[in-house]
Each structure stands twice: as structure tokens, then as C-alpha cells.
Amino acid sequence: MIASAEWKDGMLFDGKSESGRTIHFDATKEHSAGPSPMEAVLMALCGCTSVDVVNILQKKREPLEGLVVSAEAERAPESPSVFTHIRLTYRIRGNVGEKAAEDAVALSKNKYCSVSKMLERSARIEYSIEYES
């Protein structure tokens, strides 16, 4: 895997992936042109675990109709301001069994989500699951 970041102007950067995709990073307080790099890391965590949970529930033939994973993070007060605590909320829509959902989320956190495993080195990651009909 290969990636790069190119400084554009001020505190604006274009991140580029090997697949040719671009993310505009905005390291200003406003973040008006794109997420900050740390926001992108948090978004990647939500995306990574979402992929796992959807894949696991589909393999279990659970009637998943929707999934939103949101994250709230706390950072260290001094540089480097790493994440120290992350709370994930999984909002599951459909008639998914609670045990199946719990198992899928736990498998993602403990086994499959590489972003989660990397972040666990500096942050305590907790989660909750909410069910919507």
C-alpha cells in the first residue's frame, strides 16, 4: 500500500492513495476544506468496523437494513495529541438479533478491524449498540 500527502497552501494538503483517490485535508481550526488528518483517522475507524459488521451480519443471514457507526474521541492534552479514549456507537436498523449484533461488533473490535487494533495501542475503545426498527 502506498500513499502520499502534498502541501497545497496554508494548512491544506491533498492526500492521495495508490488507487488514485484523493482526500483534501484541512488542518485549520475551521476544517472548511476537508477533515483534519485526525478526523480522517476517526472516520477510517468507523468505516473499517462498519465493513466488518456488515460482512459478518450478512454471512449470518441477519436482516440488516441499515448501519451507522459514530465515534466520539478524546485526545491527549499535549503533543503528540493521540487519541486516549474512543466511544463507538453502532446504530443498527432491521430485525437483527441482539446476540448476532454483539458477536459481530466484538469480532470486529477484537479480531478483524485493523484500524481499531492500531488505535488500541494508545486509546481505550468502548462501544454501545442501539437498535432501530
Could we say that LYS60 is buried (at least 19 other Cβ atoms within 10 Å of the Cβ) and either of a type in the set (A, V, I, L, M) or touching a residue at least 24 places away in the same chain (Cβ under 8 Å) (or both) here? no
Output the number of residues of segment 107-133 satisfying the condition of being open to solvent by less than 30 Å² (accessible area, probe 1.4 Å) and among the small types (Gly, Ala, Ser). 3
Only one residue in THR22, THR49 is out of contact with any His (no Cβ under 7 Å at 6 or more places or on another chain), in contact (Cβ under 8 Å) with a residue 24 or more places away in the chain and not small (Gly, Ala, Ser), so which one is that? THR49
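For every residue, the table says whether it meets (1) closer than 30 Å to GLY10 by Cβ; (2) in contact with a helix residue (DSSP H, G or I) (Cβ under 9 Å, 6 or more places away or on another chain).
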position	(1), (2)
PHE25	yes, yes
HIS31	yes, yes
GLU39	yes, no
GLY47	yes, yes
ILE86	yes, yes
ILE92	no, yes
In the set ILE125, ILE129, which member is closer than 27 Å to SER36 by Cβ, touching a residue at least 12 places away in the same chain (Cβ under 8 Å) and outside any helix (DSSP H, G or I)? ILE125
Given the conditions (1) surrounded by 13 or more Cβ atoms within 10 Å (Cβ to Cβ); (2) under 14 Å from the mean Cα position of the chain (by Cα); (3) more than 20 Å from LEU107 (Cβ to Cβ), and given that GLU72 satisfies all but one, which numbered condition is not satisfied? (1)
In segment 1-51, how many residues are open to solvent by less than 70 Å² (accessible area, probe 1.4 Å), under 30 Å from TYR90 (Cβ atoms) and in a loop (DSSP other than H, G, I, E, B)? 6
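The values are calculated or read from the model by the stated rules, or taken from the named source; none is laboratory data. Computed from a prediction, not measured in an experiment: that's the story for all the values here. Cβ coordinates were reconstructed from backbone atoms using ideal geometry, including for glycine residues, and neighbour counts include every protein chain displayed. Please note that ligands, DNA and RNA were not included when accessible areas were found on the heavy atoms of the full protein model with its side chains. Shrake-Rupley method; radii C 1.70, N 1.55, O 1.52, S 1.80 Å.
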